[in-house]
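S.K.: Sharing a structure, written as structure tokens. Questions coming.
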Amino acid sequence: MRRDFPRRVKFPDKYCAHTFCARPQFDHGVESRVNLKFGQVAATAILFFAVLTIAFGQSSGFSQFDQSSGSSQLTGVVKQIIVKGNKVESTAGILAIMRTKVGKLFSQDQLDADASALYSLGVFAKKPLITADHNPDGTFTVTVEVVENPIIKEIRIVGNSAIKTAEIEKVLTLKVGQIFDSKQASISSDAIAKLYQKQGLFALAQITTLPESPQTLDVEVIEQSVGAVTVTGNLRTKKRVFDHLIHTKKGQVFNINKWARDMKRLQDTGWFSQVKPTAQPGSAPNLIDLAVGITEQRTGQFQFGVQVDPTSSFAGFVHFVESNFDGTGQSIGAGFTQGTAGGGPSVDLSYSNPFIDSSNTSMSVRLYSDIIYRFTNSLFGGSTVPTTANEYNERHTGGTIGFGRQIGIDQVANISTRIEQVTTNNLNTTSGTQFIQQDGSIASINLGYTDDRRDVADNASRGDVLQLNLEPGYSNITNVGGLLAGSYVGSSYFAKIYGDYRIYYTPDKPRTINDLQAPKHVFAFRLRAGTILGNVPFFEQFFAGGADTIRGYDEDRFWGKSELLFTAEYRYPLQKSLSLIPFVDYGGAWGGYGTVNNFSQSNNFSLHLGYGIGLAFQTSFAPIRIDFGVNENGGTRTTFLISRNF
């Protein structure tokens, strides 16, 4: 009997073991002469060939239908697997993915799964076509036909503006010379999204090959941009002020870090009791609309009363300040203070404008005539003074003008100049030489740099801030006396170099742009250092000791041409406006004018320890700090400061 040729069945469609399962398709346009008799003949022929096929199969050893399961699946062993169409992917690699193996039983379901597994590799343009030949000996020959994706010869990146193309190329796992892999395309897309997220940006990347150039990898970056920025709640503050304060603009790529800095900048002005940002989807899928609701607070203050200055002297004062004059962001201030220690009043006039041009250049001007009590008795006790002339003082009269500009995300450069006349008053020359006199004029230029990465400027809980200053100057001393009678008279040039670094850490959760003033448990550290080149008057030295330097010591207890100060504090909030603060201060100044009576000084490196505990209050007009300090000799001193320590 003549054997038929092996039947071929295509995959991944469900394999049909019936010989005539492929039913003929009739042309419905055939004329109606195809009559019933023809249909009967055709039916008889089909039945005849079906019976013949079954009989032939039984006599020739072909696999039988699985009668027990009722399935129409042929069974048999896989004799050979042939892979076609692969040029880059190895045959061994393809066969390793497939669970259909030579020598194992043939399974249609497994071939379907193999086709899906191969396609999921991402390197094939379409689902592989698997066919099975049923051999005369009852075995199967499986053929796998694949169409590989093109080889990448060029990478085209479009749509990116916030991140450079070279940076995006670095995170792509698909490279020139490789076969296009849809799975790697997905991985690369995620890598691009993460690259944007690290910089506070948001983007999606669609990675395909160009239809008109299949060997070109097309990376289309869709960046999230700002659709609108609106401010609500401002009754006094003018719109142009917010244009300066909010650097996030319509049309820019949205940067969550930049938006957070904008909110911090609003909070740091002190003009608003509440800053509440929100975001909504924009008019297009890649747009986001930003809004901030603010609640304005009183920015003008008129104060009068009695205060205690850092030297622990009582003083009556009248102060006026408006920090948001006419809603323009400009500040004006005037102050008058009369101390009980004598010497006349201190008068202060100030003006500042944070936005004098479109580049947000700031300007500040100050005119003053201040009394400085270099040595005085302590209001709270525990202090000594180096002279018996307790009534003498220094009057500093002059002015400053300065300009600043942002030069980076957190960096500001500034320049200022100072001109000052110093005179010593209330000298009791009949009692001896127990005073310090160095009268004359001084002028200097200060070049400053600030890098501020704190979460908020006032009462920071995270971040750090670095300040560096170079201050070249000129002094002209015309009159000396008292304990400094032998010091120089005449002109001298000098340069002061000093810096201040502060860092803050909280174990609590970080503040968000919605709770920038939330109280936190904070570890705060400060390091300050400086040196002076050239000769300077006594009053231009570095001074250490007192409320803002080494607590537990008298004000200005140590002086010199060099200084080094370190402070550590733990700020424990008892409530929102009250904190308990244990502290340690360690530092000193040395290498300047010599010992004045019992205020001994050192020409060499010398540091001193102070420690204690304090309370900080946040009032409606200013923070107040009271510290009880103990020095290394066991002496104590309580200091009062109307400002935050650092």
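The values are calculated or read from the model by the stated rules, or taken from the named source; none is laboratory data. Quick caveat, the model's predicted, so the values are computed rather than measured. Here the Cβ positions follow ideal geometry from the backbone for every residue, glycine too, while neighbour counts run over all protein chains shown. For accessibility, only protein heavy atoms count, side chains too; no ligands or nucleic acids. Shrake-Rupley method; radii C 1.70, N 1.55, O 1.52, S 1.80 Å.
S.K.: For F375, are the conditions met, namely being at pLDDT below 95 and either closer than 23 Å to R644 by Cβ or within 42 Å of the chain's Cα centre (by Cα) (or both)? Walk me through how you get there before you give the answer.
M.R.: Numbers: at pLDDT below 95: yes; either closer than 23 Å to R644 by Cβ or within 42 Å of the chain's Cα centre (by Cα) (or both): no.
Taking the combined requirement at face value, the residue does not satisfy it.
S.K.: What's the total number of residues in segment 131-186 that are open to solvent by less than 50 Å² (accessible area, probe 1.4 Å), in a loop (DSSP other than H, G, I, E, B) and under 24 Å from D109 (Cα atoms)?
M.R.: 4
S.K.: Within segment 615-646, work out how many residues are of a type outside the set (A, V, I, L, M, F, W, C) and within 30 Å of E322 (Cα to Cα).
M.R.: First, the residues of segment 615-646 that are of a type outside the set (A, V, I, L, M, F, W, C): 618-620, 623, 625, 627, 629, 631-639, 643-645.
Within this subset, residues satisfying the condition of being within 30 Å of E322 (Cα to Cα) are 618-620, 623, 625, 627, 639, 643-645.
Looking only at that region, the number is 10.
S.K.: Another question, then. Somewhere in segment 99-113, is a residue outside any strand (DSSP E or B), closer than 30 Å to V253 by Cα and of a type in the set (V, I, T)?
M.R.: Initially, segment 99-113 is screened for residues outside any strand (DSSP E or B), giving 99-104, 106-113.
Checking which are closer than 30 Å to V253 by Cα leaves us with none.
Checking segment 99-113: not a single residue is outside any strand (DSSP E or B), closer than 30 Å to V253 by Cα and of a type in the set (V, I, T).
S.K.: So the check is Cβ under 7 Å with 6+ separation or different chains; which pairs have a first residue in segment 176-193 that's over 12 Å from I155 (Cα atoms) and at pLDDT below 95 and a second one that's of a type outside the set (D, E) and open to solvent by 60 Å² or more (accessible area, probe 1.4 Å)?
M.R.: I179/V88
S.K.: Okay, next question. Return the residue satisfying two criteria in turn: it lies in segment 421-447 and is surrounded by fewer than 18 Cβ atoms within 10 Å (Cβ to Cβ), modelled with pLDDT under 95 and among the β-branched types (V, I, T), and of such residues it is nearest to N476 (Cα to Cα).
M.R.: Result: T423.
S.K.: Ok, one more. Exactly one condition in (1) surrounded by 13 or more Cβ atoms within 10 Å (Cβ to Cβ); (2) closer than 19 Å to F242 by Cα is false for G282; which is it?
M.R.: Among (1) surrounded by 13 or more Cβ atoms within 10 Å (Cβ to Cβ); (2) closer than 19 Å to F242 by Cα, G282 violates only (2).
S.K.: On to the next question. Answer yes or no as to whether Y593 is open to solvent by less than 40 Å² (accessible area, probe 1.4 Å), outside any strand (DSSP E or B) and hydroxyl-bearing (S, T, Y). Quick ask: steps written out before the conclusion?
M.R.: On the way: open to solvent by less than 40 Å² (accessible area, probe 1.4 Å): no; outside any strand (DSSP E or B): yes; hydroxyl-bearing (S, T, Y): yes.
Taking the combined requirement at face value, the residue does not satisfy it.
S.K.: Can you tell me which of N604, N535 is without any contact (Cβ under 8 Å) to a residue 24 or more places away in the chain and either surrounded by 17 or more Cβ atoms within 10 Å (Cβ to Cβ) or more than 35 Å from the chain's Cα centre (by Cα) (or both)? Please lay out each step first, then the result.
M.R.: Values: N535 fails: without any contact (Cβ under 8 Å) to a residue 24 or more places away in the chain.
Unique residue meeting the criteria: N604.
S.K.: Is it the case that F640 is assigned to a strand (DSSP E or B), open to solvent by 10 Å² or more (accessible area, probe 1.4 Å) and over 30 Å from F317 (Cα atoms)?
M.R.: Numbers: assigned to a strand (DSSP E or B): yes; open to solvent by 10 Å² or more (accessible area, probe 1.4 Å): yes; over 30 Å from F317 (Cα atoms): no.
Taking the combined requirement at face value, the residue does not satisfy it.
S.K.: With the checklist (1) under 30 Å from Q517 (Cα atoms); (2) of a type outside the set (K, R); (3) part of a strand (DSSP E or B) in hand, flag the one item L609 doesn't pass.
M.R.: Of (1) under 30 Å from Q517 (Cα atoms); (2) of a type outside the set (K, R); (3) part of a strand (DSSP E or B), only one is false for L609: (1).
S.K.: Quick check on segment 244-251. Is at least one of its residues of a type outside the set (S, T, Y), open to solvent by less than 50 Å² (accessible area, probe 1.4 Å) and in a helix (DSSP H, G or I)?
M.R.: The answer is yes, given that some residue of segment 244-251 is of a type outside the set (S, T, Y), open to solvent by less than 50 Å² (accessible area, probe 1.4 Å) and in a helix (DSSP H, G or I).
S.K.: Just one of the numbered conditions (1) open to solvent by 20 Å² or more (accessible area, probe 1.4 Å); (2) without any contact (Cβ under 8 Å) to a residue 40 or more places away in the chain; (3) not in a loop (DSSP other than H, G, I, E, B) is not true of E220; which one?
M.R.: For E220, the failing item is (2).
S.K.: Just the residues that are in contact with a Pro (Cβ under 8 Å, 6 or more places away or on another chain), part of a strand (DSSP E or B) and either within 22 Å of S643 (Cβ to Cβ) or touching a residue at least 60 places away in the same chain (Cβ under 8 Å) (or both), please, taken from segment 441-495.
M.R.: I442, S475, I477
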